[in-house]
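Visitor: The structure follows.
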Amino acid sequence: MKMPLVSITHRGFNHVMAVKNPQTWTRLKRIELRQLANQIGNDAVRLMTAWPASGEGRQVKAAAEAIARRLDGQQSLGDIRRAFAEIEAAAADFSAILNNPFFQERLRTATYKVGGQQHLMNMGEEIESALEDIRIYTHAYWEAQPPPPTPLQIAAAEVTKLVPDQKVGPIMYEVAGGILRVRHQAAVSASVNMQNADSARKELLSSFGEIVTEMTSSNQDPRLIELTNAMRGRIEERTDIIQLGIAAISFQFTCDRFEEELPTHLSGRLRGLTIGLGMYVSQFSDWARFAGNAAAIDYSEADVIALHQSGMRLIQELRKATTNVDPEVPRTLAFILETIRDPRRALKRTVFAAIRSIENLVSATFSSLVHVLGGLPDGAREGIKKVAQITISVGLLLAVAEIAVSVSPAAGTILHTNWLGRAGELIKESLKPE
């Protein structure tokens, strides 16, 4: 006969320490439970002649054998959930054994003779102790684990994977102090061209100054004077060369509209300025790369209309979010979108500028505000309304998500990308009212 088990379970086991070593605990627990099951099975066989006709004795033996089979062999390394599940399944079988009438009457307490000595062993207490040890340990283990991610946190992680970095374009953005701002880009040319670029810039500034003076003294249309002066200001700033290139295109459109109202020599000078602007920006690598990318795009008039409509809705939302958006953002984006207001006059460069500017804004907004999603526990969708800072941020995030979804078809055609719609839908779904 096998030696009786004086105490199979580890009473007083340090569960706090064991929580850090679940693989060790489950491995040892499997051995203990298997030994206990074998002992009960052997005892049931020993008393086979006393099995009742109703089958309770056979049930004890079958349950003990099922436990031993389940816990036989090596446990799955690294799969702690499966290891726990196997032990908990064995615990359920042990509970069934405890409640079995034959076990309670004939097997719960047994006497063994070892080395000429009688040993009394309470198998019921051994099972109860094992079950309690499993309950305490598994509870302590799961209590020590970080809570599972909420649906909002899962969405935040997925959005983070989808959203690319901003790309070179007429407008790039940053979030500073919780406020979305335009991130101005220095106009840098290759060192060999820098001297030529500086000379061209000085000449342009001088020419713009002269023509503004002449138009003012000859009482030309104030709108044209204001626009010409604004172009001079853009050249002075030495930043955002792509934006300057788009502004030059817009300036040319405006000059064309005023051509019949201007004296011939003024019209010619303005035309010369637009040519000079084009030559100036062409000396910068950012513009050259942007223009090359724009030349490769394809789109329909319907794409331009949808892009402009989505962009204008975005501007409205940005203007509302005064706490989180610097006024320069909607103002600059409105300037870019104006160049595609008439889809028949839209050029590849202006269409590309518009979609890239919106894509960059969505990227900056999602990247900076996605932590709002991950930081909200389940059920907090209503609670966030009580926190002004978060309410505005979430409102802006939702508005940008709506635009991302609406502009996604055009972005798919023009940029050959689908991340805008996918990320937008994720955020919308995560913040959908209960």
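Visitor: How large is the direction-averaged shadow of the alpha-carbon convex hull of the chain, in nm²? Walk me through the numbers on the way to the answer.
Guide: Details: hull surface 133.7 nm².
One quarter of the hull surface, i.e. the mean projection, equals 33.4 nm².
Visitor: Taking springs between alpha-carbon atoms closer than 10 angstrom, which of SER282, SER95, SER367 fluctuates most in the Gaussian network model of the chain?
Guide: Judging by the Gaussian network model, the answer is SER95.
Visitor: Whose amide H sits under 5 Å from the amide H of VAL325, counting only residues 5 or more places off or on another chain, with H placed in the peptide plane?
Guide: LEU180
Visitor: If you don't mind, there's one more thing I want to ask. Give the long-range amide H neighbours of TYR173: residues separated by 5 or more places, or on another chain, with amide H under 5 Å away, using H modelled in the peptide plane at 1.01 Å from N.
Guide: Under 5 Å from the amide H of TYR173 lie the amide H atoms of ARG183, each far enough along the sequence or on another chain.
Visitor: Just add up the charged neighbours of PHE258: K/R +1, D/E -1, any other residue whose Cβ is under 15 Å from the Cβ of PHE258. Kindly include the intermediate steps, with their values, before the conclusion.
Guide: Numbers: positive: ARG223, ARG257, ARG269, ARG271; negative: GLU214, ASP221, GLU226, ASP256, GLU259, GLU260, GLU261.
After counting each charged neighbour, the total is -3.
Visitor: Over the alpha carbons of region 194-282, what is the largest minus smallest coordinate on each principal axis, giving the biggest first in Å?
Guide: That works out to 37, 21, 18 Å along the principal axes.
Visitor: Positive end of the charge dipole of the chain (Lys, Arg +1 and Asp, Glu -1 on Cβ, about the Cα centre): tell me which of ASN219, SER310, ALA50 has its Cα farthest that way.
Guide: After comparing all options, I get ALA50.
Visitor: Using a 10 angstrom cutoff on alpha carbons, build the Gaussian network for the chain and name the most mobile of VAL394, VAL182, VAL60.
Guide: VAL60
Visitor: Under a point-charge model restricted to the Cβ atoms of Lys and Arg (+1) and Asp and Glu (-1), what is the dipole moment magnitude of region 15-144 relative to its Cα centre, in debye to the nearest 20?
Guide: Numbers: 16 positive and 16 negative charges, 70 e Å.
It comes to approximately 340 debye.
Visitor: Still on this model: From largest to smallest, what semi-axes in whole angstrom does region 256-364 give when each is the square root of 5 times an eigenvalue of its alpha carbon gyration tensor?
Guide: On the way: eigenvalues 152, 65, 51 Å².
Value: 28, 18, 16 Å, ordered largest first.
Visitor: Taking 20 °C and 1.002 mPa s as the conditions, I'd like the Stokes-Einstein D for region 15-144 in µm²/s, using the Kirkwood hydrodynamic radius from alpha carbon pairs. Please report the intermediate quantities before stating the final value.
Guide: Working: Rh = 15.6 Å.
Value of D from the Cα-based Kirkwood radius: 138 µm²/s.
Visitor: Can you quote the Å³ per residue value for the convex hull of the Cα atoms in region 311-369, rounded to an integer? Numbers along the way, then the final one.
Guide: On the way: hull volume 4.1 nm³, N = 59.
Convex hull volume per residue, Cα atoms: 69 Å³.
Visitor: Can you sort PHE84, PHE290 from fewest to most other Cβ atoms within 10 Å of each residue's own Cβ? Spell out each step's value before the answer.
Guide: Values: PHE84 19, PHE290 24.
With the fewest neighbours first, PHE84, PHE290 line up as PHE84, PHE290.
Visitor: Helix 328-338: angle to the longest alpha-carbon principal axis of the chain, degrees 0 to 90, nearest 10?
Guide: So the inclination is approximately 60 degrees.
Visitor: With n ≥ 4 as the cut-off for DSSP H runs, can you work out [θ] at 222 nm for the chain, using -39500 (n - 2.57) per run divided by the number of residues, rounded to the nearest 500?
Guide: Working: 16 runs with 285 residues, N = 434.
Result for the chain: -22000 deg cm²/dmol, rounded to the nearest 500.
Visitor: Given +1 on the Cβ of Lys and Arg, -1 on the Cβ of Asp and Glu, and no further charges, what dipole in debye does region 194-282 carry about its Cα centre, rounded to the nearest 20? Before the final figure, lay out each step's value.
Guide: Details: 9 positive and 13 negative charges, 43 e Å.
Dipole magnitude for region 194-282 comes out near 200 debye.
Just so you know, all these numbers are worked out from the coordinates, no wet-lab data involved. These figures come from a predicted structure and were not determined experimentally. Here the Cβ is made from the backbone with ideal geometry for all residues, glycine too, and neighbour counts use every protein chain on show.
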